[in-house]
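Notes follow the structure.
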Amino acid sequence: MLKERELQILQSIANLRFMNSQQIHTLHGYNGKYGERVTRRKLNELEKKKMLKSFQPSAYEKKIYYLTKTAAKELSHFTGIEGIKTLKKNDKSMHQVMVSEIYIQLQKCRIGQVKRYKVEDKIHEDLLVDAFVEYRLRSTGKKKLIFVEADRGTESAVIIEEKFKKYDYLYRSHKFQNMYGIFPDILFITNSNTRKRVLLNLSNRFSNLRVITGTLDEFISSPQEFIRVTNPNPIKLKVK
């Protein structure tokens, strides 16, 4: 029989696909001096129970965990949710860990609350976003909508430009404006200042879109600044 904390860990990994041990500890870890050690032991136990699989990208990086089919069946039994998705280690695993980190930082941000964080959301025909976010501000109670894009610098500028074109087409379709009254902001988080400049230059070609761009280090340092910069007015804003 799985304990409540174990179920919470499995549910988070099911939702986010791939998570490293530090991310899991941040959400569901034990407090105290030896908290991280206890969390690692709990993750090892879940591996022994065939609930999780893991790999370590290098000797200096945290282990990355993902769900097994056994765990998916257990979660379905406890939650009543059918068809819980499981993945194998693949070329996108590290990308998904970055998407998970963005979620972690949004959860830690004190100016509001994540109401929904849907990973790999197909929002329109062939446009698959890394995550679609509904975020509610504590100060006003207003809801912000955000498309999250995690960029590890592995895609060419041509591919990124094509993605912006798809966003622009979606904006012109008024699908989201009709549903929510506003088109979501696009939060593009990347891994270097050089790549950030490339993304900024590309986004400047699409005046309809509100694109907020920054590095992952900048986002971790001050996620609230990225949330505050989003604006319901039809202007283009960026974090420098």
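What follows draws every value from the coordinates through simple rules; no lab data is involved. Quantities reported herein were computed from a predicted structural model and do not represent experimental measurements. Please note: Cβ atoms are built from the backbone with ideal geometry, for glycine as well, and neighbour counts cover all protein chains shown.
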Q.
Could you order the peptides 39-45, 65-71 from most to least packed, using the average number of other C-beta atoms within 10 Å per residue?
A. 65-71, 39-45
Q: Treating the angle as unsigned and between 0 and 90°, give the value, to the nearest 10°, between the Cα long axis of helix 193-203 and the longest Cα principal axis of the chain.
A: 50
Q. In the stretch 126-195, which GluC sites (Glu not before Pro) are in a loop and have at most 15 other Cβ atoms within 10 Å, using DSSP for the loop call?
A. 155
Q.
Between the stretch 1-18 and the stretch 113-146, how far is it from one alpha carbon centroid to the other, in angstrom?
A. 21
Q | Subset of 53/144; 33/118; 118/163; 49/88 violating a 25 Å alpha-carbon distance limit | A | 53/144; 33/118
(Q) Quick check: the angle from helix 157-173's long axis to the longest principal axis of the chain, C-alpha only, nearest 10 degrees? (A) 70
Q. Counting DSSP beta bridges in the chain, what percent are antiparallel, to the nearest 5?
A. 70
Q. In the stretch 152-230, which trypsin sites (Lys or Arg not before Pro) are in a loop and have at most 16 other Cβ atoms within 10 Å, using DSSP for the loop call?
A. 152, 205
Q) Using alpha carbons only, how many degrees (0 to 90, rounded to 10) separate the axis of helix 35-48 from the longest principal axis of the chain? A) 70
Q.
Can you tell me which aspartates and glutamates have their Cα less than 20 Å from the Cα of residue 143? Leave out same-chain residues fewer than eight positions away.
A. 121, 130, 134, 185, 225
**Q.** For the chain, built as a Gaussian network whose Cα springs stay under 10 Å, the top-fluctuating residue of 219, 147, 206
**A.** 206
Q) So for the stretch 95-228: antiparallel DSSP bridges make up what percent, rounded to the nearest 5? A) 60
Q: Can you put 170, 128, 145, 10 in order of Cβ neighbours within 10 angstrom, beginning with the fewest?
A: 128, 145, 170, 10
